[in-house]
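Student: Before I ask anything, let me first share the structure, which is written out below as structure tokens.
The values are calculated or read from the model by the stated rules, or taken from the named source; none is laboratory data. Keep in mind the model is a prediction, meaning the values are calculated, not measured. All Cβ positions, even for glycine, are placed from backbone atoms using ideal geometry, and neighbour counts span all protein chains on display.
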Amino acid sequence: MTVLPPGYRWRPPTLDDVAEAVAMENAEAVALVGVTLVSEEWQRSQWTSPGFVLEENAAVVIAADGRIAGTLLVESTPPHRAVFQIGVVSADHHGRGLGGALVDEGERRARAMVDLAAPGDRVVMHAGTLADEPMVAALLANRGFAEVRRFARMAIAFEHEPEPPPALLGIVLRPAADDDRSAVYRCLQTAFEDHWGEHHREEDAWLHAHADDERLWLVAVDGEEIIGALVGSPRSEEDPDYGYVDQLGVLRSHRRRGIARALLLESFCEFHRLGKRGVHLHVDTRSPTGATHLYERAGMTSAPRFATWEKELRPASPAQ
């Protein structure tokens, strides 16, 4: 394990830590950007996901008073060409070297996952951060990372009842049935194949993360085929009075037909029926599908929220 400053120690988290860890992470988020970003439901779902091993994929830093001073998550999902890390240090413990220790421990664990990728594949480490945080940026840059992506929070506030989407020739929008969920997974996995940094979890882990019975599941169907899907939550992490679109995707073969916009507008109607004041979602600002423009045309406004930093762990090599 990476050496921590005096007075701190590592240990694996337990489910009994969920409430304290989330309270710490949200206090840090409120101090920096003015909103909460994590729920206990999300944290518990993450730590209990199939294939997620608490001793390998997560850690907490314990201060001398026994309280959680930092959290770390390190995860690699198929095809294992990127290892994702996110670390949070309590605002009460800034300036003591914990941030550097979290990054270093994350890289140590990430390097142990490199061989999960196919031989010859380039493997990188991605660090998720809040956007425009100069201290974090300096910390990562000094360790060989470079910022490679920005993600914006899109938002719309309902000033009146949203208008339903226009009818699409040959396309039916409907709620997904329970037995559609594997097909929704496959549709979204395929839809995101050309998106930067998109690596789906295995189906059981993905379904575990979206198992909440209150979630919104919408599909676009052409004949008998699900060619587009939207999965949403009735509560945004930033404001529970807003709904949240987790994922929205359309198969490449069916794009440019207004299907994504129709699914989005239908979700607005559904969230409004649930009494929500508006909708949030996050988007890659350089999405190859032009998603940011789609959301803006639907009346959503953009604000910087997250950044992804990258460091190469293994360069690509010719196949043997």
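Student: For a quick check of your reading of the model, give me the residue pairs whose first member lies in segment 213-240 and is within 15 Å of Glu270 (Cα to Cα), whose second is charged (D, E, K, R) and surrounded by 18 or more Cβ atoms within 10 Å (Cβ to Cβ), with beta-carbon atoms closer than 6 Å and at least 6 apart or on different chains.
Tutor: From segment 213-240, the pairs are Leu216/Glu270; Leu218/Glu266.
Student: Just need a number here: residues in segment 7-30 that are assigned to a helix (DSSP H, G or I) and not hydrophobic (A, V, I, L, M, F, W, C).
Tutor: Residues meeting the conditions: 6.
Student: Of all residues in segment 152-173, how many are assigned to a loop (DSSP other than H, G, I, E, B), of a type in the set (A, V, I, L, M, F, W, C) and touching a Lys or Arg at 6+ places or on another chain (Cβ under 8 Å)? Walk me through it before giving the result.
Tutor: Taking segment 152-173 and keeping what is assigned to a loop (DSSP other than H, G, I, E, B), we get 158-167, 169-170.
Then keep just the ones that are of a type in the set (A, V, I, L, M, F, W, C); that gives 158, 167, 169.
Now drop any that are not touching a Lys or Arg at 6+ places or on another chain (Cβ under 8 Å), which leaves 158.
The qualifying residues number 1.
Student: Follow-up question, since we're still on this one. Would segment 198-208 turn up any residue that is free of Cβ contacts under 8 Å to residues at least 24 places away in the same chain, among the charged types (D, E, K, R) and under 28 Å from Ala29 (Cα atoms)?
Tutor: yes
Student: Say whether the condition of being over 21 Å from the mean Cα position of the chain (by Cα), closer than 23 Å to Leu37 by Cβ and surrounded by 15 or more Cβ atoms within 10 Å (Cβ to Cβ) is met by at least one residue in segment 152-161. Steps first, answer last, please.
Tutor: Within segment 152-161, the first condition is being over 21 Å from the mean Cα position of the chain (by Cα), and the residues that meet it are 157-161.
Okay, now just the ones that are also closer than 23 Å to Leu37 by Cβ, so 157-158.
Add one more test, that the residue is surrounded by 15 or more Cβ atoms within 10 Å (Cβ to Cβ), and what stays is 158.
The answer is yes, given that some residue of segment 152-161 is over 21 Å from the mean Cα position of the chain (by Cα), closer than 23 Å to Leu37 by Cβ and surrounded by 15 or more Cβ atoms within 10 Å (Cβ to Cβ).
Student: Can you pull out the residues in segment 82-96 that are part of a loop (DSSP other than H, G, I, E, B) and either touching a helix residue (DSSP H, G or I) at 6+ places or on another chain (Cβ under 9 Å) or exposed (fewer than 15 other Cβ atoms within 10 Å of the Cβ) (or both)?
Tutor: Restricting attention to segment 82-96, the residues satisfying the condition of being part of a loop (DSSP other than H, G, I, E, B) are 90, 94-96.
Scanning segment 82-96 gives Ser90, His94, Gly95.
Student: Here's something else I'd like to know. Suppose we keep only residues that are in a helix (DSSP H, G or I) and either of a type in the set (A, V, I, L, M, F, W, C) or touching an Asp or Glu at 6+ places or on another chain (Cβ under 6 Å) (or both) within segment 135-151. Which one would you say is farthest from Val88 (Cα to Cα)? Show your work before the answer.
Tutor: Filtering segment 135-151 down to residues in a helix (DSSP H, G or I) leaves 135-142.
If we keep only those that are either of a type in the set (A, V, I, L, M, F, W, C) or touching an Asp or Glu at 6+ places or on another chain (Cβ under 6 Å) (or both) too, we end up with 135-141.
Working: Met135: 13, Val136: 10, Ala137: 14, Ala138: 16, Leu139: 13, Leu140: 13, Ala141: 17 Å.
Among those residues, the one meeting the criterion is Ala141.
Student: Residues Leu294, Leu264, Leu274: which one is aliphatic (A, V, I, L, M) and either within 18 Å of Val184 (Cβ to Cβ) or in the same structural domain as Val148 (by TED's automatic domain parsing) (or both)?
Tutor: Working: Leu294 fails: either within 18 Å of Val184 (Cβ to Cβ) or in the same structural domain as Val148 (by TED's automatic domain parsing) (or both); Leu274 fails: either within 18 Å of Val184 (Cβ to Cβ) or in the same structural domain as Val148 (by TED's automatic domain parsing) (or both).
The match here is Leu264.
Student: Report, ordered by the first and then the second residue, all pairs with beta carbons closer than 8 Å, sequence separation of six or more or different chains, a first member in segment 270-283 that is free of Cβ contacts under 8 Å to residues at least 24 places away in the same chain, and a second member that is crowded, with 20+ Cβ neighbours inside 10 Å and part of a strand (DSSP E or B).
Tutor: none
Student: Yes or no: Gly100 surrounded by fewer than 19 Cβ atoms within 10 Å (Cβ to Cβ), more than 18 Å from Ser317 (Cα to Cα) and assigned by TED's automatic domain parsing to the domain that holds Glu147? Walk me through it before giving the result.
Tutor: On the way: surrounded by fewer than 19 Cβ atoms within 10 Å (Cβ to Cβ): yes; more than 18 Å from Ser317 (Cα to Cα): yes; assigned by TED's automatic domain parsing to the domain that holds Glu147: yes.
Answer is yes for this residue.
Student: Quick one: which residue in Val22, Val30 is crowded, with 17+ Cβ neighbours inside 10 Å and without any contact (Cβ under 8 Å) to a residue 24 or more places away in the chain? Talk me through it step by step, then tell me what you get.
Tutor: Numbers: Val30 fails: crowded, with 17+ Cβ neighbours inside 10 Å.
Selected residue: Val22, the only one of Val22, Val30 that is crowded, with 17+ Cβ neighbours inside 10 Å and without any contact (Cβ under 8 Å) to a residue 24 or more places away in the chain.
Student: Sticking with this one: Tell me which residues, restricted to segment 3-51, are more than 20 Å from Pro304 (Cα to Cα) and of a type in the set (Gly, Ala, Ser).
Tutor: First, the residues of segment 3-51 that are more than 20 Å from Pro304 (Cα to Cα): 3-24, 39-51.
Scanning segment 3-51 gives Gly7, Ala19, Ala21, Ala23, Ser39, Ser45, Ser49, Gly51.
Student: Shifting gears a bit: Please indicate, with yes or no, whether at least one residue in segment 120-139 is of a type in the set (Ser, Thr, Tyr) and over 26 Å from Tyr242 (Cα atoms).
Tutor: Our first condition is that a residue be of a type in the set (Ser, Thr, Tyr); within segment 120-139, this holds for 129.
Filter again for over 26 Å from Tyr242 (Cα atoms), leaving none.
No - not one qualifying residue is present in segment 120-139.
Student: Going through segment 174-204 one residue at a time, which ones are among the small types (Gly, Ala, Ser), part of a helix (DSSP H, G or I) and surrounded by fewer than 18 Cβ atoms within 10 Å (Cβ to Cβ)? Steps first, answer last, please.
Tutor: Within segment 174-204, the first condition is being among the small types (Gly, Ala, Ser), and the residues that meet it are 176-177, 182-183, 191, 197.
The next check asks that each one be part of a helix (DSSP H, G or I); those that pass are 182-183, 191.
Within segment 174-204, Ser182, Ala183 meet the criteria.
Student: Mind checking which residues of segment 55-69 are without any contact (Cβ under 8 Å) to a residue 60 or more places away in the chain and either in a strand (DSSP E or B) or surrounded by fewer than 17 Cβ atoms within 10 Å (Cβ to Cβ) (or both)? Step through it out loud before you land on a result.
Tutor: Start the filter on segment 55-69 by keeping residues that are without any contact (Cβ under 8 Å) to a residue 60 or more places away in the chain, which leaves 55-68.
Within segment 55-69, Glu55, Glu56, Ala58, Ala59, Val60, Val61, Ile62, Ala64, Asp65, Gly66, Arg67, Ile68 meet the criteria.
Student: Let me spell it out: the conditions are (1) under 28 Å from Lys276 (Cα atoms); (2) surrounded by 15 or more Cβ atoms within 10 Å (Cβ to Cβ); (3) among the charged types (D, E, K, R), and Asp121 meets all of them except one. Which number is the exception?
Tutor: Checking Asp121 against (1) under 28 Å from Lys276 (Cα atoms); (2) surrounded by 15 or more Cβ atoms within 10 Å (Cβ to Cβ); (3) among the charged types (D, E, K, R), the one that fails is (1).
Student: If the Cβ limit is 6 Å and pairs must be 6+ apart or interchain, which residue in segment 243-254 that is in the same structural domain as Trp196 (by TED's automatic domain parsing) pairs with which residue that is among the charged types (D, E, K, R) and crowded, with 16+ Cβ neighbours inside 10 Å?
Tutor: Gly243/Lys276
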